[in-house]
Amino acid sequence: MSDALKSTPTVDSDHPSIVAFAEANANGAQTQIERAVNLYYAVRDGIRYDPYTLLMTVEGLRASTTLEAGRGWCVPKAILLAACCRAQGIPARLGYADVRNHLSTERLRQFMNTDVFYWHGYTAIQLGGKWVKATPAFNVELCAKFRIKPLEFDGTEDSIYHPFDLDGRQHMEYLRFRGEHDDVPLDEMMATFVKHYSGSMVEAPTGDFAREVEEETRRQIR
C-alpha cells in the first residue's frame, strides 16, 4: 500500500504544482471519497483530452508536465489523477487495458493503422476498503462533440467507458486488462507499441484533435 502513496518519476505527487492543484481541487472535502471525486472531475474536465500530445518518455508522461500543458491523452491524464490522489494521501495506482475505440478520427486511425488502443490508461483508487477504477480521459466538451455519455465517478463504483454512444453506435470495447501498477511500465508499453504500431506511437504528429472531431461530426450529420 505504501508504494501506492509514493512520488515516482512519472507520478510526481510531491511536485509543488501537483500539491497545489490537488489541494485547490479537493475543495476542502472531508472524506477521501469526496476528495477523490473532486479530483477526478478536475482532471477529467480541467485537462483537455489530446492524443497528439503523446510522447513516450518519463518527462512526456510526468504528471506535472501534463498539468502545465493543460492537455494530455488517456495515460498521462490517469497519471495526473493518481498523482493528485497521492498528494492528498489517497492510495492510487495506474491501470491499463487494451480497448477497441470505434470513435476516433480518421486522421488518428490512419496514424495508428488500427482502431485498437493498446495500454489505454485509467486510475485505480483505493477508497472505502476497495480499489475502484476511474477513467478521466475524455473531457465533457469532447463527449458532447462525439455524442458519448460523459463518464461519471462517485468513488464507490468503477468508472469505465460505456460500450455504446448516445445514438446506439459502438463506442468502446474492452479487449484485455493489463493490470495495475505503482508507476508506468514504460518498457512494456514501448515493446507493445513497437510491435503493433511499427514504432509510430513513440511520438505523435502535431494536430488539432478537437477540430478533427468537429469536422467529422459535421460530415456525419450531413
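Report yes if residue 11 is closer than 21 Å to residue 127 by Cα, part of a loop (DSSP other than H, G, I, E, B) and under 16 Å from the mean Cα position of the chain (by Cα), otherwise no. Full working, then the answer.
Numbers: closer than 21 Å to residue 127 by Cα: yes; part of a loop (DSSP other than H, G, I, E, B): yes; under 16 Å from the mean Cα position of the chain (by Cα): yes.
Judged against the criteria, residue 11 is a match.
Are there helices (runs of 4 or more DSSP H) fully within segment 27-93 with at least 1 residues that are of a type in the set (Phe, Trp, Tyr)? List them.
Result: 32-46.
Please specify each residue of segment 6-18 satisfying the condition of being surrounded by fewer than 18 Cβ atoms within 10 Å (Cβ to Cβ) and in contact (Cβ under 8 Å) with a residue 40 or more places away in the chain.
Residues satisfying the conditions are 6, 7, 9, 14, 17.
May I ask you to say which residue of 46, 60 is of a type outside the set (A, V, I, L, M), more than 16 Å from residue 136 (Cα to Cα) and either over 13 Å from the mean Cα position of the chain (by Cα) or surrounded by fewer than 20 Cβ atoms within 10 Å (Cβ to Cβ) (or both)?
60
I'd like the residue in segment 114-149 that is without any contact (Cβ under 8 Å) to a residue 40 or more places away in the chain and either in contact with a Cys (Cβ under 8 Å, 6 or more places away or on another chain) or outside any helix (DSSP H, G or I) (or both) and, out of all such residues, is surrounded by the fewest Cβ atoms within 10 Å (Cβ to Cβ).
Here the residue is 129.
Run residue 180 past the list (1) modelled with pLDDT under 65; (2) under 16 Å from the mean Cα position of the chain (by Cα) and report the number of the one that doesn't hold.
The one condition residue 180 does not meet is (1).
Given (1) modelled with pLDDT of 95 or more; (2) among the β-branched types (Val, Ile, Thr); (3) touching a Leu at 6+ places or on another chain (Cβ under 8 Å), identify the lone condition not met by residue 65.
(3)
Out of everything in segment 150-177 that is in contact (Cβ under 8 Å) with a residue 12 or more places away in the chain, of a type in the set (Asp, Glu) and closer than 15 Å to residue 36 by Cα, what residue ends up being surrounded by the fewest Cβ atoms within 10 Å (Cβ to Cβ)?
Per the criteria, the residue is 157.
The values are calculated or read from the model by the stated rules, or taken from the named source; none is laboratory data. It should be emphasised that the depicted structure is a prediction, and the values quoted were computed from it without experimental measurement. We place every Cβ from the backbone using ideal geometry, glycine too, and count neighbours over all the protein chains shown.
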